[in-house]
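Working notes for the structure below.
Nothing in this text is a laboratory measurement; each read-out follows from the coordinates by a stated rule. Remember, predicted model here, so these are calculated numbers, not experimental data. Here Cβ is always computed from backbone atoms with ideal geometry, including for glycine, and neighbour counts include all displayed protein chains.
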Amino acid sequence: MGTLTLNVRRAGTADGGDIAAIHDAAWWNAYSGMIPPRALTRMIQRRGKAWWQAAISRQTVILLLEIQGKTVGYATVGRNRVKTLPFDGEVYELYLLPEYQGIGAGSHLFLAAMGELKRRGLSGAVVWVLADNHSAIRFYENAGGKQVAEGKETFDDRDLRKIAFAWG
């Protein structure tokens, strides 16, 4: 029996292509049938390799999850964008390649993201999830998140409800 090696590290500009591939696969998997197709296609296409490289160059905090040396997930973190919520930090995104979901890899990445927020001196954290994304809701509930707010996101004139989960 072999040992499974998981590693979390900060992304560099050379990782732009890997992040774009994860974003593409994860978003098609998570949001097909939820976000209108035209809007989903636009959102995925605009976040190619160059977009991610520019984000990294701007010092966006992107953590990568590697399993056995292969980049299989990413998380972006920073300051909470909703000032009416009493939490300093936010996990903006957390996505894995579909074939790595459901094996504990997401939990490993989430704990690293929360640790990065704490390391940066940000107290408490929030994550926004589309209300129809039942697997993400289950994930954040299992991670101890409590629903603290609701909002909406509009995609091609279609409003989708979103839920904020919070810790601390």
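Loop-only check: which trypsin sites (Lys or Arg not before Pro) in segment 51-127 are DSSP coil with at most 13 other Cβ within 10 angstrom?
Here the sparse-neighbourhood loop sites are ARG58, ARG81, LYS83, ARG120.
Quick one: of LYS49/LYS152; LYS83/LYS162; LYS83/LYS146; LYS49/LYS70; LYS70/LYS162; LYS49/LYS118, which pairs are farther than 20 Å apart, Cα to Cα?
Those over the limit are LYS49/LYS152; LYS70/LYS162; LYS49/LYS118.
Could you give the length gained by full extension between GLU150 and ARG38, i.e. 0.36 nm per residue of separation minus their alpha carbon distance, to one decimal place?
Gain in length upon complete extension: 37.8 nm.
Each residue of segment 83-88 in turn: what ³J(HN,Hα) in whole Hz from Karplus with 6.51, -1.76, 1.60 and θ = phi - 60°, glycine and Pro shown as x?
Each residue's phi maps through the Karplus curve to give 5, 7, 9, x, 10, 7 Hz.
How do GLU153, GLU99, GLU90 line up, fewest other C-beta atoms within 10 Å first?
Starting with the residue having the fewest Cβ neighbours, the order is GLU99, GLU153, GLU90.
Using r as the Cβ-Cβ distance of THR3 and ASP159, and R0 as 41 Å, what FRET efficiency do you calculate, to the nearest 0.05?
0.30
Counting Lys and Arg as +1 and Asp and Glu as -1, each charge on the Cβ, what is the dipole of segment 6-123 about the Cα centre in debye, to the nearest 20?
Dipole about the Cα centre, nearest 20: 440 debye.
Rank these for me by crowding, ASP132, ASP18, ASP156, going from fewest to most other beta carbons within 10 Å. Before the final figure, lay out each step's value.
Numbers: ASP132 14, ASP18 19, ASP156 11.
Sorted ascending by nearby Cβ count, the order is ASP156, ASP132, ASP18.
Quote the FRET efficiency, to the nearest 0.05, computed for LYS83 versus ARG120 with a Förster distance R0 of 25 Å and r equal to the Cβ-Cβ distance.
Result of the calculation: an efficiency of 0.90.
To the nearest 20 debye, what charge dipole does segment 1-68 have about its Cα centre, counting +1 at the Cβ of each Lys and Arg and -1 at the Cβ of each Asp and Glu?
Dipole size: approximately 320 debye.
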